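S.K.: I have a structure I would like to understand better, so I am pasting it below and will then ask my questions one at a time.
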Amino acid sequence: MSDNTLPTQAEVVIVGGGIEGCSIAYHLAKRGVKDVVLLERKQLTCGTTWHAAGLVSQLWPTPTLTALAKYSHELYASLEEETGQATGYRKIGSISLARTTERLEELQRTSSMAAVFGVESEFIDNQRLEELYPGINTDGIIGAMYIDDDGQTNPIDTTMALAKGARNRGARIIEECKATEIICENGVAVGVKTASGDIRANKVVLAAGLWSRELAAPIGVDLPLYACEHFYVVTDEMPELTKRPVLRDFDKGIYFKEDAGKMLVGWFEHDAIGCPMNKIADDFCFDQFEVDMDHIEPNLIAGMETFPEFGEAGIRTFFNGPESFTMDNLHLMGPTPEVDNFYVACGMNSKGIGAGGGLGKIMADWIIDGQPSGDVWECDVRRSHPVQRTQSYVESRIPEALGHSYDMHWPFYQYHTARDLMLSPLHDTLKLQGACFGEVCGYERANWFARDGAEAKYEYSYKRQNWFEFYQQEHLAIRESLGLFDMSSFAKFEVSGPDSQSALQYISAADMNIEVGKVVYTQWLDERGGINADLSIVKVEEDRFWVVTSIGSFNRDWWHLKQHLRGDVTLTDISMQYACLSLQGPNARKALENIVDCDVSVSGFGFGVGRFANIAGAEVWLQRLSYVGELGWEIFIAADDAVKVFKAIQQAGAAFDIRNTGLHALNSLRLEKGFRHWGHDIGAEDNLVEAGLGFVAKPDVGDFIGREAFIRQKAAGLPSRRLVQFLLNDPEPLLYHNEPIIMDGEAIGYLTSGMYAHSLGGAIGMGYVNKPGLTADALAVANFEIEVARERFAASASLKAFYDPTAERMKV
C-alpha cells in the first residue's frame, strides 16, 4: 500500500501535519504504537508551521511551558543525528532586554523559576550586551538576560525530521487528504471522514491548528481558539551582520533573529487584527495575506530604534499570515470531556516550534497511558468555562491575549475585553460599595474594595500594588472581627435520585454515608490516586446532594460527574440559581443570631453541618464551614433574594464593623491556614499523601475511584515529596507563585501559591519539597530560603499551618 493510500482502520488517527501533529506521531511511534496515521489536508507544514520564526527558547513564564520548551530543545538537538534529516537547529543563545525596573524584576523572577528546571541564565550589563549584539542601541536599556543554550531551528526541516522519525517507526503520513468531519458515534470519536474516504480509529487526535475549532464544533466540542494576523519582515542580506543571539525587546513588543546574513524582525502588537475563518481560502497552502503598512509602521520604527542597522537595510519580505491563539496564551491539550477518545493539540500562540517537541511527548503519553506525563492543567482543554468558548468571546478576547504575549505578566493582571459575561446577583450592589472586580472563567468576582474615595482600579506592580492596604484591612477584619465575602461564583451541581449517595461514594475519597445536613470535604481521585478535584458535598435532603466547587474547576468537575455517576441519578447545574455569601470572623455568630430563625450556638449548630433557615424573609441554606480558619457560615440564597439578605447581614454586622472582603484576602487567609487550592497546590499529578490530605480518604467504608492506589501510597510511608508551608522572615519581599524553594543551598522545588500573611507579618507560600523521607524534625533543622528575583530570603518551614494549627478558632 503506498503512503498516500488511505487505510480503512488505524489505532490512532492524527488530523494535521504541522509540527504538533508530526511530533505526536513521532512520539507515539517511538513508544511502540505502530498503527498511526497522520492526515494532512495539503502538504506538511503548509498551514502555519512553515512561516514560524523557529525560535527555541527555554525560558517561558510558567513551569509547564518551560518544561515543554526544555524538552523540545533537547529533542531538536539530537533529531538530525537520529533521522538523517537536517533540521537547521543550532544553539545561538538569546538576549531579553529590560527597559524598566519592573521588567527587570519579571525577567529575574522568571530566571529563578527556570533554574529549578536546569535552565541557566545570566544578567549582563550594556558593555557585554554590545559585545554579544554589535550595533544595538543601548539607550534606555537598564538590564538584559542572556541564555547561552537557547537555539533556533528551521520549522519546515524540523517537522520533516519528526515525520521521518515517525515513518521510520511505522507511522503513515498521508498528504493531500483533507479531513472534512470527525466521525462520532454515541459520544465516542471513531474515525475521520476525508475527501478520499473514511478511516476508522480507536482514538482521534485533532492537531489542525487554526482549522481545529471548525472541525470540532459539529461534534459538540467548542474550542476557545481564534486566528489572528501575525507579521514580520525579513531584510536583504546585511554584509556586516554577524551571527548573534535571538534578541527580544519585550517593552517594545519586538524580536530579532539573524538568519544566514539576513535579519528577521517580528512583533506582538497590542492592536492585533483578528482573522475570521472566512478570510482563509479552502485551498490555503503556504499562503499569506496582504500587509497593512500603516498597521505595522510603529513596530518597524521601534525595531529601527533598537537596532539602527535594521533601518538602513532593504526589506526583502513583508510577511503577514494567520496563527491561532487562545484566550490566555496557553495551549489547548488533552482529551475532550464532551467526546470520548477525542484529543486536541492546538492553540500554540506562536510558541508551536518551541513547545512542539515537549507537547508531542506529553500528548503521546496521555493517549497511551490515559494520563499526561507531567502537570499540564494550565494547558488542559478542560480548563475553559462554556462562556469562554462562544464566538463573540474568542473574537473579543483573543486579539487582546496576542497583544499580551510580550507585555508585562503582572501579578493579578486583568484583561479588558470580553468582560461582564457572568455576574453575581450582588454585582451592582458591590460595585456601588467600591468593589474592584477580577474575572475568572468569565465570572466577575470582587477581588478587593476601594475605600476613602480611591478608584476601584488596579495599578500593577511586582511590589505592593495600590490595593495592598485595603486588602490588608479586609484580611485583618476577618481575623479580628467580621467580614463578608461574595462567593456566588462557586460552581454548584445538584445530584439527586435513589442512587445519588452510592454514586457520589464511588467518586469521592471521603465517607459519603452521611445524614441529612452533613457537609463533607473530599477529593475525587483518578486510578493512580491523583487528585482530580477538591470540593465539598452537602446532603441537603434524602437522595439530594449539592456539590460545591470553584468556578475555575466548573467544566472539569461537571464532566467528571457526568462521566462517573452511576445508577438512577440526575445531575443538574444550579450554579446561577443561587448566590452564596460567606460570613467569617470571631463575631460571625453574634451577627447571625440576630437575623436567622435557627439556633446557631456552639451546641445548636456544629461545624461541618447545614440546614435550611430563614433570613430577611428568604429561605437560605446555611452551612458552617470556613476556608479562612475562623468561625463562619456559608449562606446559599436564591438569586432573586440575594440583595435583601446581603443588606440584612450588613445591617446586623454593623455593630461589629463588618467589612466587605474580596478574593485577594481569601487567598492570604487560606494560605495562613495551609488550606490547599486545586489547580495550584494540588492537582492530578499529586496524591493525598504528598499533599498532606491523607486524613480525608476513608478506604474502609467502601470502594471509590483511586482507592487501591491510595492504600498503596499510604502503606509506602513517607513520600518522596511533601507539600510544605513557608513564611519569610523578612517582612518586605512579596511571593506570588513559582519562586524556587532552597533547602540547605539546593533548589528542591518551587512555590505553588504565595501571598502576604498580614496576621503573621510576612509573605507566605506553599510548595512541594522534593526530598524523600522528609519529616517535621528534618524541616526543623534544615536551612530554607525562598528565591525571589534571584535573591534568596530566609524562611521558616512547616508541615502544619502557621496560623491556628489546631483549628480551634473555626470550631468554637
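S.K.: Counting only residues 5 or more places away or on other chains, whose amide H sits under 5 Å from the amide H of Asn532 once H atoms are built in the peptide plane?
M.R.: Trp524, Leu525, Asp526
S.K.: Which whole-number percent is the relative contact order of region 349-473 (Cα, under 8 Å, 6+ apart)? Could you put the intermediate results ahead of the total?
M.R.: Numbers: 108 pairs, mean separation 20.8, N = 125.
Contact order relative to length: 17 percent.
S.K.: On alpha carbon coordinates alone, what is the Rg over Rh value for region 132-201, Rh being the Kirkwood radius? Don't skip to the end; give the middle numbers.
M.R.: Working: Rg = 22.8 Å, Rh = 17.3 Å.
Here Rg/Rh amounts to 1.32.
S.K.: Leaving out same-chain residues fewer than 8 places away, which lysines sit with a Cα under 20 Å from that of Lys644?
M.R.: Lys431, Lys590
S.K.: Let me ask something additional. When the accessible area of region 159-276 is computed with all protein chains present and a 1.4 Å probe, what percentage of it is carbon and sulfur? Spell out each step's value before the answer.
M.R.: On the way: 1950 of 4110 Å².
After summing per-atom areas, the C and S share lands at 47 percent.
S.K.: Counting other C-beta atoms within 10 Å, and keeping those with at most 15, which DSSP coil GluC sites (Glu not before Pro) do you find in region 226-288?
M.R.: Glu237, Glu240
S.K.: Kindly provide the Kirkwood hydrodynamic radius of region 692-783 in Å, to one decimal, from all pairs of distinct alpha carbon atoms. Could the numbers behind the result be given before it?
M.R.: Values: mean 1/r = 0.0664 Å⁻¹.
Evaluated over region 692-783, this radius sits at 15.1 Å.
S.K.: 222 nm [θ] for the chain, helices only, -39500 (n - 2.57) per DSSP H run of 4+, per residue, to 500? It would help to have the intermediate numbers written out before the result.
M.R.: Values: 19 runs with 204 residues, N = 812.
Calculated from helices alone, the mean residue ellipticity at 222 nm is -7500 deg cm²/dmol.
S.K.: On a full-extension model of 0.36 nm per residue, what is the gain between Arg200 and Asn137, subtracting their alpha-carbon distance, rounded to one decimal in nm? Mind showing how you got there, number by number?
M.R.: Details: separation 63, 0.36 × 63 = 22.68 nm, distance 5.79 nm.
Answer, rounded to one decimal: 16.9 nm.
S.K.: Then there is this: Among [x] 15, 50, 31, 4, 0; [y] 15, 47, 33, 6, 0; [z] 12, 31, 34, 20, 3, 0, which one is P(r) over Cα pairs in 20 Å bins from 0, in percent computed from these coordinates?
M.R.: [y]
S.K.: Continuing with this model, one more query. Can you give me the Kirkwood hydrodynamic radius for region 1-110, using every pair of distinct Cα atoms, in Å to one decimal?
M.R.: Values: mean 1/r = 0.0594 Å⁻¹.
So the Kirkwood estimate lands at 16.8 Å.
S.K.: I need the Debye-formula profile for region 383-535: one equal scatterer per C-alpha, no solvent, reported as log10 I(q)/I(0) at q = 0.13, 0.15 1/Å, two decimals.
M.R.: Result of the Debye calculation: -0.89, -1.06.
S.K.: Can I ask one more? Under the definition of Cα pairs under 8 Å and six or more residues apart, what whole-number percent is the relative contact order of the chain? Walk me through the numbers before you get to the answer.
M.R.: Details: 1928 pairs, mean separation 94.5, N = 812.
That works out to 12 percent.
S.K.: Leaving ligands, DNA and RNA out of it, work out the accessible area of Lys714 with a 1.4 Å probe and give it in Å² to the nearest 10.
M.R.: 120
S.K.: Here's something else I'd like to know. Once amide H atoms are placed 1.01 Å from N in the peptide plane, what residues at a sequence separation of 5 or more from Val788, or on another chain, have their amide H within under 5 Å of its amide H?
M.R.: Placed amide hydrogens put Phe793 under 5 Å from Val788.
S.K.: Provide Rg and Dmax in Å for region 558-637, with only Cα atoms included in the calculation.
M.R.: 15.2, 44
S.K.: Using a 1.4 angstrom probe with every protein chain in place, what is the largest-first accessible-area order of Leu68, Leu727? All intermediate terms of the calculation are to be shown ahead of the outcome.
M.R.: Values: Leu68 5, Leu727 25 Å².
The residues order as Leu727, Leu68, largest area first.
S.K.: Additional query: Report ³J(HN,Hα) in whole Hz for each residue of region 278-290, in order, from the Karplus equation J = 6.51 cos²θ - 1.76 cosθ + 1.60 where θ = phi - 60°; Gly and Pro get x.
M.R.: After applying 6.51 cos²θ - 1.76 cosθ + 1.60, I find 6, 8, 9, 5, 4, 9, 3, 7, 6, 8, 8, 9, 5 Hz.
S.K.: OK, next. Suppose R0 equals 22 Å. What FRET efficiency, 1/(1 + (r/R0)^6) with r the Cβ-Cβ distance, do Thr101 and Gln472 give to the nearest 0.05?
M.R.: Details: r = 24 Å, r/R0 = 1.08.
Efficiency computed from Cβ-Cβ geometry: 0.40.
S.K.: Write down, largest first, the equivalent ellipsoid semi-axes of region 711-753 in whole Å, where each equals the square root of 5 times an eigenvalue of the alpha-carbon gyration tensor. Kindly include the intermediate steps, with their values, before the conclusion.
M.R.: Values: eigenvalues 144, 27, 18 Å².
That gives 27, 12, 9 Å for the three semi-axes.
S.K.: Moving to a separate point now. Calculate, axis by axis, the spread of Cα positions in region 438-522 along the three principal axes, and write the results as whole Å, longest axis first.
M.R.: Projected onto its principal axes, the Cα set of region 438-522 covers 54, 32, 22 Å.
S.K.: A follow-up question, please. Convert each backbone phi in region 378-394 into a coupling constant with the Karplus relation 6.51 cos²θ - 1.76 cosθ + 1.60 (shift: θ = phi - 60°), then list the ³J(HN,Hα) values in order as whole Hz, x for Gly and Pro.
M.R.: Result, ordered by residue: 5, 10, 5, 4, 7, 6, 8, 7, x, 5, 7, 10, 6, 5, 5, 5, 5 Hz.
S.K.: I've got another one for you. Expressed in whole Å with the largest first, what are the equivalent ellipsoid semi-axes of region 299-450 derived from the C-alpha gyration tensor as the square root of 5 times each eigenvalue?
M.R.: 32, 28, 13
S.K.: Taking the alpha-carbon distance from Lys193 and a cut-off under 30 Å, which lysines remain once sequence neighbours fewer than 8 residues away in the same chain are dropped?
M.R.: Lys30, Lys34, Lys42, Lys164, Lys178, Lys203, Lys279, Lys351, Lys361, Lys562
S.K.: A further question follows. Given an 8 Å cut-off on Cα distances and at least 6 residues of separation, report the relative contact order of region 232-380 as a percent.
M.R.: About 20 percent, as a whole number.
S.K.: Please list, in chain and number order, the residues 5+ apart from Arg659 or on another chain whose amide H is under 5 Å from its amide H, with Hs placed from the backbone.
M.R.: HN-HN under 5 Å from Arg659: Leu482, Gly483, Leu484.
S.K.: Using θ = phi - 60° and the Karplus form 6.51 cos²θ - 1.76 cosθ + 1.60, what ³J(HN,Hα) does each residue of region 231-237 get, whole Hz, x for Gly and Pro?
M.R.: Karplus values, whole Hz, x for Gly and Pro: 10, 7, 10, 10, 7, 5, 4.
S.K.: Keeping all protein chains in the complex and leaving out DNA, RNA and ligands, what accessible area do you get for Tyr627 with a 1.4 Å probe, in Å² to the nearest 10?
M.R.: Approximately 80 Å² of Tyr627 is accessible to the 1.4 Å probe.
S.K.: How much area per residue is accessible in the chain when the probe is 1.4 Å and only protein heavy atoms are counted (Å²)? Show your work: numbers first, answer last.
M.R.: On the way: 29460 Å² over 812 residues.
Spelled out: the 1.4 Å probe surface of the chain, per residue, equals 36 Å².
S.K.: Run down the lysines and flag those whose C-alpha is under 18 Å from the C-alpha of Lys518, throwing out any fewer than 8 positions away in its chain.
M.R.: Lys492, Lys539, Lys698, Lys811
S.K.: What translational diffusion coefficient, in µm²/s and rounded to a whole number, does the Stokes-Einstein relation yield for region 198-301 at 10 °C and a viscosity of 1.306 mPa s, taking the hydrodynamic radius as the Kirkwood radius over Cα pairs?
M.R.: Numbers: Rh = 17.0 Å.
Roughly 93 µm²/s, to the nearest whole number.
S.K.: Under Stokes-Einstein, with the Kirkwood radius over Cα pairs standing in for Rh, what whole-number D in µm²/s applies to region 457-600 at 4 °C and 1.567 mPa s?
M.R.: Numbers: Rh = 17.5 Å.
So the translational diffusion coefficient is about 74 µm²/s.
The values are calculated or read from the model by the stated rules, or taken from the named source; none is laboratory data. Since this is a predicted model, take the numbers as computed values, not measurements. Using ideal geometry, Cβ is built from the backbone for each residue, glycine included, and neighbour counts are taken over all protein chains shown. Just the protein is used for accessible areas: all its heavy atoms, side chains included, with ligands, DNA and RNA removed. Shrake-Rupley method; radii C 1.70, N 1.55, O 1.52, S 1.80 Å.
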